[in-house]
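Reading through the structure tokens given below for one structure.
Each value in this text was obtained by applying a stated rule to the coordinates, not by laboratory testing. Just so it is clear, the model here is predicted, and its values are computed rather than measured. Here Cβ is always computed from backbone atoms with ideal geometry, including for glycine, and neighbour counts include all displayed protein chains.
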There are 2 protein chains.
Amino acid sequence: MDKKNESYKVKSFEYMMHPKSVAIIGASNNPDKVGHVILQNYLDVGYSGKLYPININANGSIMGLRSYKSVLDVKSDIDLAVVAIPAQLVPKALEECGRAKVKTTIIVSGGFAEVGEVDLQDKLLEIAKRYKFTILGPNCLGVMDPKSRVDTLFLPTYKIDRPRIGGVSFASQSGAVGSSVLDMIAHEGFGLSKFISYGNAIDLDEVDILDYLAKDKETKVIVFYMEGVKRGKDFIEVAKRATLEKPVIVIKGGTTEAGATAAHSHTASLAGNYEAYEAVFKQFGIIKAESLDDLLNFSKIFDTQPLAKGNRVAIITNGGGTGVLATDSLYNNNLVLPQLSKDSSTKLRAAMPPIVNIRLPLDMAGDADDKRFNVALDVIGNDPNVDAIMAIVLFQTPGADSRVAASIMHHGATINKPIVVVSPGGNYTQAHVNMMESSGIPVYTSPESAARALDALVKYSRYKLARGR
Amino acid sequence: MDKKNESYKVKSFEYMMHPKSVAIIGASNNPDKVGHVILQNYLDVGYSGKLYPININANGSIMGLRSYKSVLDVKSDIDLAVVAIPAQLVPKALEECGRAKVKTTIIVSGGFAEVGEVDLQDKLLEIAKRYKFTILGPNCLGVMDPKSRVDTLFLPTYKIDRPRIGGVSFASQSGAVGSSVLDMIAHEGFGLSKFISYGNAIDLDEVDILDYLAKDKETKVIVFYMEGVKRGKDFIEVAKRATLEKPVIVIKGGTTEAGATAAHSHTASLAGNYEAYEAVFKQFGIIKAESLDDLLNFSKIFDTQPLAKGNRVAIITNGGGTGVLATDSLYNNNLVLPQLSKDSSTKLRAAMPPIVNIRLPLDMAGDADDKRFNVALDVIGNDPNVDAIMAIVLFQTPGADSRVAASIMHHGATINKPIVVVSPGGNYTQAHVNMMESSGIPVYTSPESAARALDALVKYSRYKLARGR
């Protein structure tokens, strides 16, 4: 890879995420226009930089802001131009961006290679190379950064919830997968650092995005939806570095023959041989999500929990049957249930009522309250035989209330081992799930989902620890 | 099996679910008592039969009802006695039930074999046999029937949502699993016919419950959580008949060695060899749920959808990437993507805009509206090459709104093929998911969950069709 070029590409993402000035080419007073929705988003979230609405028919103001017929009329520095005009008008607009020394562009317009307009698409890249600026897209949703309040999505805010500020950065080749996952992230209650929808990826591609997110200090976890990688060797080179810094989770579309055919017809991606991808993922510590459920379930454990020293998981529960299912789920996911240390057993025996058997899974009975959870988490949190804790809290039972949730939150913040919670249920349960999630405890609706997430964490921990990180 | 005895046992469930009169032994004015909560539940849901609060210290009225010191004082027929008093007082109360010719009993009290009190537990069965009545429990939550408004759960209604009336009957050996699943069923929005928590199962056991639910006309789908089956041969005999009538879904606790050990310590169940269970399940058409997620996901497809004639699933979508993931999920779950018939292709080509490729998965593009969904569902619903439909509706996209949900609901009610919907998302999406679910469309948050449910439906359909049902 060309180092100088790479660092310029990384910098262009900085211009997208933290622009001092944004030109929106295609901004309009007409609420049906994509450019209107994008400008509205910037206004809605209170973006503090300069906004320049650009419209070839501009005549005075657009949405209360002074408008321009061309970026050339702005006469000030423009960090980012978001282009949302019909495909055939894009080359001319890009030429003007080049002449106006715009730092980087996001082309949300569709109508290029994905509908056979390959020549038109090639022209865009030629212009960008000539003027030395970068392109994200075309045919993409652009970017979102809840912290800097950049939001180029042309989907109305009432249709898609915006996540809070957090540590997960998500890049998606598919706008559909991107927007629905973004909506799910907001719904699940965990936080987003950056969202990047990269569409046809004629210039900035998955390699550049991975490079940028690996270097971005605010990104704790990198998540990708991809159908294929064109620059395989470069991707591996960047991934090798990235996975030593932070977890990289990938869900790949087109893992089956029929899926690969569908992917080809979707983004003209060569999905390639999944076994080859799997081998590369494993070798370089990339975490493979098998489904959108995995993607969300894995993201939140990596976002909030420390690495695990091993695969020994202590289950504590206020429901016996759920403890049995959880035990099965450990062994189905490469995890084991350890023996408690002698010291732990003695302490728990002294603190628990006689009906509680002191062994794992620790079934603290249906009347377990915050006192029992406190003791169990204190003792097991310090047990050298235990690498991680799965706490099953059934809020349907008489003893489980917000004090139990508080006990979990307290220990989640003080124990230096991964903790996950399993709490299936309705409204009363959900209220407590929200509390715990918002204080950084990953909560799952089933032992199986929690065990899959723990397995992913243990595998990545092992990869990193083996490399002295 | 003893036929006469069996039919008596089935009848005793009828007495539990549709009692003309219920005695609550341990009813109390003290809200901390289990008997108080149970009586309150009957009053809250507007139970229309006769209620007799029984308390050894009774003196006038309990919660506004005339109270009695013993069932012997009632002097009227009692169909059901719910027993919620300390373990050591239960034998005397049962003796009185026998003398008062109570038809059947539910013993919610704990403190028997599960804490080593085997002799005390044996005494209960001896009394029941002598007086020829039946026992559900002890150490159980009893039963719930939203239609007849019977509700013996001693868990407060604010902690656990009650499901609406529906076709799924759920029986659980574990009260913890039972109550959390019940809460999840209510939360997911599908309907319950009967809930039976059977605890220590000293008299009525999983064989009797299966027999009853198989014969119960209101039960469309039978769902079980079990850790072990004591009467294996009888269970197979009943299951063989039951699965020809209706789907039987089982989640088994203790499928791994460590899980089996945990199960033994939990309910003293011999969980047995899971491979043996799996073989029996397969041979007799029992649907195996691998997780609580499966259990819920499978329940709703069986509750609402017709059998499938084969495993050919058409995917229609308004998001390309999600269509790719869905295609992968079919092939990972024994399903296939068919070719559209020539007739279907012609009709779709005429109706869809040029950018839509006429092939499966049918990617109708991000601006697909109800008109496109209508055409696709009309045409594909009648395509002889298609056995089932997976409709992916991403409500984040501009064209997807409540008219698309209405189109799905309309076709769900008129097409005689299974339809499932995949709609991941936040608040806007959830509102539409609730609409569709309440009109009998099973909606999933990921293609993978939907494909697993379709696979279960296809497998059961094949089992039944092969036997001429």
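A cut-off of 5 Å between modelled amide H atoms, ignoring neighbours fewer than 5 places along the same chain, links B:I165 with B:L192. In nanometres and ascending order, the distances from the A:N434 label point to those of the other copies are 1.3 (point 7 Å from Cα along Cα→Cβ). Sorted shortest first, the separations between the B:V280 label point and its copies elsewhere in the assembly read 4.9 nm; each point sits 7 Å from Cα along the Cα-to-Cβ line. Per residue, the average separation of C-alpha pairs within less than 8 Å and at least 6 apart gives the stretch B:193-275 a relative contact order of 29 percent. Within straight-line reach of B:K101, meaning a Cα separation under 15 Å, sit the following aspartates and glutamates at least 8 residues removed in sequence or on another chain: B:D73, B:D77, B:D79. For the protein assembly as shown, a crude dipole built from +1 on the beta carbon of Lys and Arg and -1 on the beta carbon of Asp and Glu, taken about the Cα centre, is about 40 debye to the nearest 20. Only one residue of B:A100, B:Q40, B:Q121 has its Cα farthest out toward the positive end of the dipole of the stretch B:1-139, where Lys and Arg carry +1 and Asp and Glu -1 on Cβ, and that residue is B:A100.
Per residue, how big is the convex hull of chain A when only Cα atoms are used? Give it in Å³. Could you put the intermediate results ahead of the total?
Working: hull volume 67.1 nm³, N = 469.
Once divided by residue count, the hull of chain A is 143 Å³.
In whole Å, what is the distance between the alpha-carbon centres of the stretch A:342-372 and the stretch B:429-469? Spelled out, the Cα-based centre of one part sits 41 Å from the other.
Placing +1 on the Cβ of every Lys and Arg and -1 on the Cβ of every Asp and Glu, with no other charges, gives the stretch A:278-373 a dipole of roughly 520 debye about its Cα centre.
Under 16 Å of direct C-alpha separation, and excluding same-chain neighbours fewer than eight residues apart, A:K309 reaches these aspartates and glutamates: A:D383, A:D387, A:D455.
Got the relative contact order for chain A handy, in percent, Cα pairs under 8 Å and 6 or more residues apart? That works out to 10 percent. Magnitude of the charge dipole for the stretch B:1-139, about its Cα centre and with charges confined to Cβ atoms of Lys, Arg (+1) and Asp, Glu (-1), is about 600 debye. Measuring against 24 Å, Cα to Cα, the residue pairs B:K300/B:K464; A:K132/A:K288; A:K11/A:K159; B:K103/B:K288 contain A:K132/A:K288; A:K11/A:K159; B:K103/B:K288 as the ones spanning a longer distance. Shown here for the stretch A:345-442: trypsin sites (Lys or Arg not before Pro) in loop regions (DSSP other than H, G, I, E, B) with at most 15 other Cβ atoms within 10 Å, namely A:R359.
For the residue pairs B:K230/B:K282; A:K194/A:K246; B:K20/B:K194; B:K123/B:K240; B:K147/B:K246; B:K123/B:K246, alpha carbon separations beyond 26 Å are given by B:K123/B:K240; B:K123/B:K246.
Grab the other residues whose beta carbon is less than 12 angstrom from that of B:K246, score K and R as +1, D and E as -1, and report the net.
Numbers: positive: B:K215, B:K217, B:K220, B:R241, B:K464, B:R469; negative: B:D216, B:E218, B:E245, B:D303.
Counting the neighbours of B:K246, the net charge comes to +2.
In chain A, the beta-carbon sitting nearest the axis that superposes A on B belongs to the residue given here with its distance in angstrom, A:D293, 4.
3J(HN,Hα) couplings calculated from phi for the stretch A:152-169 with the Karplus curve 6.51 cos²θ - 1.76 cosθ + 1.60 (θ = phi - 60°) are, in sequence order, 9, 5, 9, 9, x, 5, 6, 8, 9, 5, 9, x, 6, 5, x, x, 8, 10 Hz; Gly and Pro show x. Can you list the aspartates and glutamates whose alpha carbon is less than 18 Å from that of B:K215, not counting same-chain residues fewer than 8 positions off? Output for B:K215: B:D2, B:E6, B:E14, B:D145, B:D205, B:E206, B:D234, B:E237, B:E245, B:D303.
Here A:I56 yields copy-to-copy label distances, from shortest upward, of 9.2 nm, the label point defined as 7 Å from Cα along Cα to C-beta.
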